Amino acid sequence: MTTAEISVPCGEIEVRGGFDLAAAARFLTGFGPAGQPEAEPGVLRVAFALEGAWTPVGAVLRQRSPGEVAVEVHGPPEHAEAVVEQVRRMCSLDIDATGFPAVADRDPVASLLQGLHPGLRPVLFASPYEAACWAVLSHRIWMTQAVRLRRGLTERHGSEVDVGGHTLRSFPEPAALAKLEYLPGLSGPKMRRLRAIAEAAAAGMLDAAALRAMSPEEALKQLQLLPGIGRFSAELILIRGAGHPDVFPRGESRLHEIMRDAYHLPDADVPELAEIAEAWAPFRSWVSFLFRVEGEARMRESR
């Protein structure tokens, strides 16, 4: 399906605190095909299914100054405001980050991470629905395999969106995924879980605002009612899908390993690490994200 390009005047997102759109674009490189960094610094093109309506839409983001990001919307005019709001959440610009530097004053390791990745905020999935699908696709396989599966799913069953002269594909909307019977490389149990996720999203059970309005434990408990979603996946959906800024991932063993190394605490258990992370509040999700980014960068350098 191809959506006709309809441009509307840019929406403006006020940036509260440090933010570098070019850093967000670099993070997305290789994880497409829904995001496309540009050669021009400070520009990012994205395509996604608009949460709730699930209409395929696109946006061009340009950062002309530290305090403002312009959003050029490509999609039905009646959805323009919703597109800007979803992009705001995707880039973690719905959070006032003026207090984020204070975390560095409380934790020298967090200070080092902020210095290594200035202006990088968590880059989210377009919706909790997409995050949940990623959790299913990536379960117990290599990251490279999961990226190929997601790319194949998007290319075969996603929608083409003309984003300012560039054709991108959005992730399949729930109605398309709910009917899917087969995807090369995907097991039968995972296929059934994906269909269940799509049905839950279509029924409004993966709404970002609703999940953010709950306490983290309440939201995690609800998410774990979905088939194939355990604690680790529920945290991913809440943090990287709904965009909750202050959750310490207790189910993410890779993060815990990186933290033990960074703090020189090889025997620290999860409660001890969670206690360390209390110094990061109210940005525990953000610092955890920077740990993962730095850990992945070091892994690439060591290859």
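Summary table below
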| read-out | value |
| --- | --- |
| Residue in the range 109-163 that is nearest to Pro245 (Cα to Cα), counting only those that are assigned to a helix (DSSP H, G or I) and among the β-branched types (Val, Ile, Thr) | Val109 |
| Residues located in the range 282-303, provided they are hydroxyl-bearing (Ser, Thr, Tyr) and modelled with pLDDT of 95 or more | Ser285, Ser288 |
| Residues of the range 56-108 that turn out to be under 18 Å from the mean Cα position of the chain (by Cα), over 23 Å from Gly158 (Cα atoms) and either charged (D, E, K, R) or assigned to a helix (DSSP H, G or I) (or both), as a count | 2 |
| Filter result for Leu168 (among the hydrophobic types (A, V, I, L, M, F, W, C), part of a helix (DSSP H, G or I) and under 25 Å from Leu28 (Cβ atoms)) | no |
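The rows are residues; the columns are (1) out of contact with any Leu (no Cβ under 7 Å at 6 or more places or on another chain); (2) of a type in the set (D, E, K, R); (3) closer than 18 Å to Pro108 by Cα.
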| residue | (1), (2), (3) |
| --- | --- |
| Glu217 | yes, yes, no |
| Leu220 | no, no, no |
| Gln224 | yes, no, no |
| Ile239 | yes, no, no |
| Leu255 | yes, no, yes |
| Ala262 | yes, no, yes |
| Ala274 | yes, no, yes |
| Ala297 | yes, no, no |
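Rundown of residues vs (1) surrounded by fewer than 18 Cβ atoms within 10 Å (Cβ to Cβ); (2) more than 18 Å from the chain's Cα centre (by Cα), yes/no style:
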{"site": "Gly165", "(1), (2)": "yes, yes"}
{"site": "Leu177", "(1), (2)": "no, yes"}
{"site": "Glu181", "(1), (2)": "yes, yes"}
{"site": "Pro184", "(1), (2)": "yes, yes"}
{"site": "Ser215", "(1), (2)": "yes, yes"}
{"site": "Leu223", "(1), (2)": "no, no"}
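The values are calculated or read from the model by the stated rules, or taken from the named source; none is laboratory data. Predicted, not measured: the structure shown is a model, and the values here were computed from it. Counting neighbours? That spans all protein chains shown, and the Cβs are built from the backbone with ideal geometry, glycine included.
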